[in-house]
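Reviewing the structure listed below.
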Amino acid sequence: MHEFRYVGNRLHCERVAIDKLVQQHGTPLYVYSQSTVEDHYQKLDHALAPLDHLICFAMKANSNQAVMRTLADCGSGFDTVSEGELRRVIAAGGDPRQCVFAGVGKTDHEIEYALRKGIYSFNVESEPELVRINHVAARLGKIAPVAVRVNPNVDAGTHAKITTGTYDNKFGIAFEQVAGVYARAAKLKHLRLRGIQMHIGSQLTAVKPFELAVRKMLPLVTRLAAKHPFEFFSIGGGLGIIYKTALASAGPDWWQTAAARDILTPAKYADTLVPLLKPLGLRILVEPGRFIVGNAGVLITRVEYVKRTGKKNFVIVDAAMNDLIRPAFYDSFHEIVPLRKKGGALVASDVVGPVCESGDYFCKDRPLPKVGEGDHLALLSAGAYGFVMASNYNTRALAAEVLVKGNKSAVVRPRQAIESIWAGERPAPWQQ
């Protein structure tokens, strides 16, 4: 599952003691395990081996250059949603010809840039977008590869803010309208109908929603592929990870024990979907993000104060919602453990940050080991939607990021200098 575990009483990332990284680089600190990223990619790649397939990492989950270089070296493609993300792919050594470009609001400039770089396909979210892509491609004298994103109206049963496959969501084109959209798109001379795409949501921990969506899509894909020169069917991403008891679940036998507990694994995912997809004879694209990197990262924070009131035990730390917003934004759970294992009774605690918001918390009333000022805590499963969603709220500098491989570690993003936060700002001319 991941390479974070206690060796003796000290938490390690692979073969590096994390307290040593804290001594060198301070906190808040993101620490990533390169071996975990590679392992998760390779397990999914192996599970899908019976299919002609391409894994396009959804880089919105983690766009650090070192993480992306790791995946590019594994042969991964990338799922991008902006010009900036596509530029990051190229800077990290990724191949734009193995990239898809998604998102509901692509601008003319973004479409032009992606066409000039030769992306594999646009995942198109609306009919007006098809018209715009055709127009931009005509202006450039190019043929734009496209795949319509189908909204299959399948409820993934996940958090309301990360479900994407129902008609209440802004994504894709309604299932019943897709055939007509493709018929009209076929008349646009600067489009190449390269495939078809769907995505029903994020953090799915059971295979059934994937199966329902694929089974619903198969007749439509078969009919359209007979009319249009499709190369691929993208089934999107959404594979979930373990957030609770993540540390306890780590270890070389995780995949076997997880399967026994009915947790979604690459093997179970593939065992259900490969037999359905193989008869299509199409290339299958998958767009995982969280599954690849979620359990590959942790956020380390220092205990600044312990504040006891009549009702609460507040553990006040130096990380905050600007560093990891998921608990505040999604009410999400992250396992929290001390860098040095502690015995004794557990204390119901609120772990909170210094930002001036009541929503600035990482857990509430969580039974945790007793800690004091100067101790350090690790927030696990922070490799996805952690640093990428960070901000400078309260004029707080962005955390440093460190990548570990075996017994080696390297800073892959230095801590932001506070002065750089406002370096691009200036008084108005009349204020000089």
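None of the figures in this text is laboratory data; all of them are computed from the coordinates on show. What you are looking at is a predicted structure, and each value in this text was computed from that prediction instead of being measured. Cβ coordinates were reconstructed from backbone atoms using ideal geometry, including for glycine residues, and neighbour counts include every protein chain displayed.
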Exercise for review: Please compute the net charge surrounding Val274, taking Lys and Arg as +1 and Asp and Glu as -1 over other residues with Cβ under 12 Å from its Cβ.
Suggested key: -1
Exercise for review: List, in order, the whole-Hz ³J(HN,Hα) value for each residue of the range 54-61 obtained from phi through the Karplus relation with A = 6.51, B = -1.76, C = 1.60 and θ = phi - 60°; use x for Gly and Pro.
Suggested key: 9, 8, 10, 4, 6, 6, 4, 6
Practice item. Would you pull out the residues with amide H under 5 Å of Cys363's amide H, same chain only if 5 or more places away, H placed 1.01 Å from N? Key: Val351
**Study point:** Mean separation of Cα contacts under 8 Å, 6 or more apart, over the residue count of the range 295-422: relative contact order %
**Key:** 30
Exercise for review: Treating the angle as unsigned and between 0 and 90°, give the value, to the nearest 10°, between the Cα long axis of helix 34-47 and the longest Cα principal axis of the chain.
Suggested key: 40
Practice item. Would you mind working out the magnitude of the charge dipole of the chain relative to its Cα centre, with +1 at each Lys and Arg C-beta and -1 at each Asp and Glu C-beta, to the nearest 20 Debye? Key: 320
Study note, to complete from the structure: Residue by residue through the range 410-418, the couplings from Karplus 6.51 cos²θ - 1.76 cosθ + 1.60 with θ = phi - 60°, in Hz, x for Gly and Pro, are 8, 6, 9, 7, x, 4, 5, 6, 4
**Study point:** Qualifying trypsin sites (Lys or Arg not before Pro) in the range 8-116, DSSP loop, other Cβ atoms within 10 Å at most 16
**Key:** Arg15
Revision key, fill the gap. Dipole check, the chain, charges on Cβ (K,R +1; D,E -1), about Cα centroid: among Ala410, Phe232, Met198 the Cα furthest to the positive pole belongs to Phe232
Exercise for review: Show the residues, 5+ positions off or on another chain, whose built amide H is closer than 5 Å to the amide H of Ser381.
Suggested key: Gly297
Practice item. With everything on Cα atoms, drop me the angle between helix 127-140 and the longest principal axis of the chain, reported from 0 to 90° to the nearest 10. Key: 80
Practice item. Report, ordered by chain and residue number, the lysines lying within cross-link reach of Lys307, taken as a straight Cα distance under 20 Å and ignoring same-chain residues fewer than 8 apart. Key: Lys342, Lys364, Lys370
Check your understanding: Counting DSSP beta bridges with both partners in the chain, what percentage is antiparallel, nearest 5?
Key -> 50
Review point. So what are the ³J(HN,Hα) numbers for the range 319-331, from phi and the Karplus equation (6.51, -1.76, 1.60; θ = phi - 60°), rounded to whole Hz, Gly and Pro as x?
Key: 7, 8, 4, 6, 8, 9, 8, 4, x, 6, 8, 10, 6
Exercise for review: May I ask you to derive the FRET efficiency for Leu212 and Lys364 from their Cβ-Cβ distance with R0 = 35 Å, giving the value to the nearest 0.05?
Suggested key: 0.50
**Study point:** For the chain: relative contact order, % (alpha-carbon pairs under 8 angstrom, 6 or more apart)
**Key:** 20
**Study point:** Too-long pairs where the Cα-Cα distance tops 27 Å, listed order kept, from Lys43/Lys106; Lys60/Lys117; Lys106/Lys244
**Key:** Lys43/Lys106; Lys106/Lys244
Practice item. Would you pull out the residues with amide H under 5 Å of Cys13's amide H, same chain only if 5 or more places away, H placed 1.01 Å from N? Key: Ile18
Revision key, fill the gap. Rounded to the nearest 10 degrees, the helix 208-227 long axis (Cα) sits at an angle to the longest Cα principal axis of the chain of 30
